[in-house]
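One structure is given below, encoded as structure tokens.
The values are calculated or read from the model by the stated rules, or taken from the named source; none is laboratory data. Note that the structure is a prediction, hence the values are computed from the model and not measured. All Cβ positions, even for glycine, are placed from backbone atoms using ideal geometry, and neighbour counts span all protein chains on display. Only protein heavy atoms, including side chains, enter the accessible area calculation; ligands, DNA and RNA are left aside. Shrake-Rupley method; radii C 1.70, N 1.55, O 1.52, S 1.80 Å.
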Amino acid sequence: MAAPRSLAVWGLCGRGWSPVLPGCRLPWLRSCWPSGPLGARPFSQEKRATETHFGFETVSEEEKGGKVYQVFESVAKKYDVMNDMMSLGIHRVWKDLLLWKMHPFPGTQLLDVAGGTGDIAFRFLNYVQAQHQRKQKRQLRAQQNLSWEEIAKKYQNQEDSLGGSRVMVCDINKEMLKMGKQKACARGYKAGLAWVLGDAEELPFDDNKFDVYTIAFGIRNVTHIDQALQEAHRVLKPGGRFLCLEFSQVNNPLVSRLYDVYSFQVIPVLGEVIAGDWKSYQYLVESIRQFPSQEEFKEMIEDAGFQKVTYENLTSGIVAIHSGFKL
């Protein structure tokens, strides 16, 4: 892809966001990259010089990478606002359903790919923190003989409110990551969160490192979907779970006709009015139509080595959640 090939890891060092250097003490990051300089896998310079699609346009695979990068660089600042406008806020419900389906437990190590603005990561942190707090309360209720001083001391000794859970947000686009980091600082997310600039087709992580891999509204923009799925399988631990939330094929004829009118006649106009970018949102609409059907994508996930692959349609198939396990 024509996107940048450098690797940058970001975390909270001191008071602000800064690149994580070897001297910055983030031991859980070292557990993600146990060897080499941050354990990073180098980006390959080799790319297949064949044709693919960019929306409805036919381009070279190398050209598509650059074009997709430019799209998200252009829309990054208005990305969240446009998501609300385009979906009438329903994308929030879809993402909540993804987390409920994941049902992460305290201690879960999550990799969220193409997660630049942090929507999945923040939901994950909220979810595991709430779970950890409920677990604490159940344990305290089971110890009725404790004095209030002992109960207060137990709460004070709980340094990790996430129960050991961590989320790594990986995105190939610097501007998307920048917006995500700004949101994290504004909302007070500090613990258990880090950011890495990386390619879904060549993830900069060692094998068998994560419990869950998520990618929401990102995989259709990848040049080689099969390669991204293989990378997802590689970095997951045995027993790990793959979850993908993506636009799919509508299964209701009436809804399909209305959806097409809205997609092609309204969304690009919204993109021009709100983000000043008609072409990027025209591409996004077209890319949805080029994405494989639910059954076809299910077969691709199985071909990558995942088992027990299923999918669930949401909103008449406008989007679908695909799930698979590394067994």
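Residue by residue through the stretch 159-215, note down the ones that are part of a helix (DSSP H, G or I) and out of contact with any strand residue (DSSP E or B) (no Cβ under 7 Å at 6 or more places or on another chain).
Glu175, Met176, Lys178, Met179, Gln182, Lys183, Ala186, Arg187
So for the stretch 98-105 (the condition being part of a helix (DSSP H, G or I), open to solvent by 30 Å² or more (accessible area, probe 1.4 Å) and either in contact with a Pro (Cβ under 7 Å, 6 or more places away or on another chain) or at pLDDT 95 or above (or both)), does at least one residue qualify?
yes
Looking only at residues that are hydrophobic (A, V, I, L, M, F, W, C) and touching a residue at least 40 places away in the same chain (Cβ under 8 Å) in the stretch 240-266, which one is nearest to Leu327 (Cα to Cα)?
Top of the filtered list is Phe242.
Looking only at helices (runs of 4 or more DSSP H) that fall completely inside the stretch 246-306, which ones have 3 or more residues that are aliphatic (A, V, I, L, M) and touching a helix residue (DSSP H, G or I) at 6+ places or on another chain (Cβ under 8 Å)?
Result: 267-270, 278-290.
Take the residues in the stretch 216-245 that are assigned to a helix (DSSP H, G or I) and at pLDDT below 95; name whichever of them is surrounded by the fewest Cβ atoms within 10 Å (Cβ to Cβ).
Arg220
How many residues does the stretch 276-305 contain that are farther than 16 Å from Ile219 by Cα and in contact with a Phe, Trp or Tyr (Cβ under 7 Å, 6 or more places away or on another chain)?
Of the residues in the stretch 276-305, 0 are farther than 16 Å from Ile219 by Cα and in contact with a Phe, Trp or Tyr (Cβ under 7 Å, 6 or more places away or on another chain).
Report whether or not Lys190 is open to solvent by 40 Å² or more (accessible area, probe 1.4 Å) and either basic (Lys, Arg) or at pLDDT 95 or above (or both).
When the stated conditions are applied, Lys190 passes them.
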